[in-house]
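One structure is given here, and the rest of the page talks about it.
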Amino acid sequence: MTAITGDIERAAGVLRAGGLVALPTETVYGLGANAEDPAAVARIFQVKGRPPSHPLIVHIATADLLDDWVEEVPRAARLLAGHFWPGPLTLVLRRGRRVPLEATGGLETVAVRVPDHPVALALLSAFGGGVTAPSANRFGSVSPTTADHVRAELGDAVDFVLDGGSCQVGVESTIVDVTGGTPCILRPGGVTREDLEAVLGHPVAVPSASGVRVPGQHPSHYAPRARVVLVEPEKVLAEAEAAQEAGRQVGVFLPLHLAATAVKTHAVVAVPASLDAYARGLYGFLRGLDEQGCDLVVASLPVEEGLGLAIANRLRRAAGPRTSV
Ligand code: AMP
Ligand code: MG
């Protein structure tokens, strides 16, 4: 971690002046603005090329501040915040008056979280307000997990980049809607479904994971330049070899014990056996294959348990059709 006290003060000043700060969190790097400054929030959408209807997450310094940002805090939300904050869990609640509609994509709900990263927390307390921060990348592309990723992708479009080292979780937060009767997962992420269920004491639905996959329903997001193709684990090598023969530059995701069996001309990602390490490395692996000039990535999905649910979600989205946003 390289950010120092002077950097935090400077970053807080940039936020107060309506500027954009890239900040490290435990999930991915965020592109932050003062949540209460509609013009600053609008610049986030402009820099990312993100449609204004896509709501942002408001980051706050402590769970005690939650009531300032939302209309009401249901019992389940209080329980989850108490248990998982600071941490990779985002709660969707009814929007408080402080939150401008620009930050919520026009919705009457707002997504809030307390990140578990010393630099993010230091910035939030020095700044004193809420910071809206989506991932610090262009809309649809791979999220950044180092300050260098942010600089390479956004460059001068960001007023200040706080360097907090590599993100420890590596995939975005789990988003839980607590506005209805029963909490449900809108996006799987760094807090597992199993951990949520243990705290709530009942099953938690993941609506999008339960349906049958229909082509066109998973527009691409979290995607490298290379096209991503998902196949059964035992078919990865055959698919890669066929694509290579057809003239593609191929990258493969293979379990560690099979990585050595790939033909030398493929770029190989040795997938870690631990899901923690896989999630931490995922976006860096995808960026690395782009850097090696791959135009096709062949991978398979992990078992969708624990962090495997979030990893599989990101890989599916990365493999989604490229024509729609
Ligand atoms: P990102 O910041 O790029 O990780 O994306 C933020 C995610 O939070 C998006 O998937 C949004 O759809 C989701 N989100 C933010 N606010 C809300 C909300 N009020 N209701 C539902 N989802 C939300
Ligand atoms: Mg994002």
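A search for C-beta distances below 7 Å between a residue of the range 170-190 that is on the phi > 0 side of the Ramachandran plot and any residue that is within 14 Å of ligand 2 (Cβ to nearest atom) and outside any loop (DSSP other than H, G, I, E, B), counting only pairs 6+ apart in sequence or on different chains, returns G170/L282; G170/Y283. Restricting the first member to the range 273-288 and to residues that are closer than 15 Å to P188 by Cβ, and the second to residues that are of a type in the set (K, R) and modelled with pLDDT of 95 or more, the beta-carbon pairs closer than 9 Å and six or more apart or on different chains are A279/R314; L282/R314.
If you check V47, V58, V41, V28 for being touching a strand residue (DSSP E or B) at 6+ places or on another chain (Cβ under 7 Å), near ligand 1 (Cβ under 10 Å from one of its atoms) and not in a loop (DSSP other than H, G, I, E, B), only one passes: V58. Scoring E72 on the criteria (1) part of a loop (DSSP other than H, G, I, E, B); (2) crowded, with 17+ Cβ neighbours inside 10 Å; (3) not aromatic (F, W, Y) leaves a single failure, condition (2). When the range 296-311 is filtered for residues that are over 21 Å from R248 (Cα atoms) and in contact (Cβ under 8 Å) with a residue 12 or more places away in the chain, the ones remaining, listed by number, are L301, P302, E304, E305, G306, L307, G308, L309, A310, I311. Residues of the range 237-270 that are part of a helix (DSSP H, G or I), at pLDDT 80 or above and under 20 Å from E291 (Cβ atoms): A240, A243, Q244. Given the structure, is S53 touching a residue at least 40 places away in the same chain (Cβ under 8 Å) and closer than 23 Å to C167 by Cα? So S53 fails the test. Taking the condition within 13 Å of ligand 1 (Cβ to nearest atom), in contact with an Asp or Glu (Cβ under 8 Å, 6 or more places away or on another chain) and over 24 Å from F45 (Cα atoms), does V169 pass? So V169 fits the description; yes.
In summary, strands (runs of 3 or more DSSP E) completely within the range 108-225 and bearing 3 or more residues that are of a type outside the set (F, W, Y) and over 21 Å from A61 (Cα atoms) occur at 184-187.
Conditions (1) among the basic types (K, R); (2) surrounded by 13 or more Cβ atoms within 10 Å (Cβ to Cβ); (3) out of contact with any His (no Cβ under 9 Å at 6 or more places or on another chain), marked per residue:
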{"position": "E232", "(1), (2), (3)": "no, no, yes"}
{"position": "A240", "(1), (2), (3)": "no, yes, no"}
{"position": "A243", "(1), (2), (3)": "no, yes, yes"}
{"position": "P255", "(1), (2), (3)": "no, yes, yes"}
{"position": "V269", "(1), (2), (3)": "no, yes, yes"}
{"position": "A299", "(1), (2), (3)": "no, yes, yes"}
{"position": "G308", "(1), (2), (3)": "no, yes, yes"}
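The residues of the range 182-202 that are among the hydrophobic types (A, V, I, L, M, F, W, C) and under 11 Å from P88 (Cβ atoms) amount to a single one, V191. In the range 271-296, how many are surrounded by 15 or more Cβ atoms within 10 Å (Cβ to Cβ) and under 20 Å from the mean Cα position of the chain (by Cα)? Adding up the residues that qualify gives 16.
Going through (1) acidic (D, E); (2) buried (at least 24 other Cβ atoms within 10 Å of the Cβ); (3) assigned to a helix (DSSP H, G or I) one by one, D64 falls short only on (2).
For the structure I just gave you, tell me whether A11 is part of a helix (DSSP H, G or I) and crowded, with 21+ Cβ neighbours inside 10 Å. Answer is yes for this residue.
The values are calculated or read from the model by the stated rules, or taken from the named source; none is laboratory data. Keep in mind that what you see is a predicted model, and the values were worked out from it rather than measured. All Cβ positions, glycine included, derive from the backbone under ideal geometry; neighbour counts span all protein chains shown.
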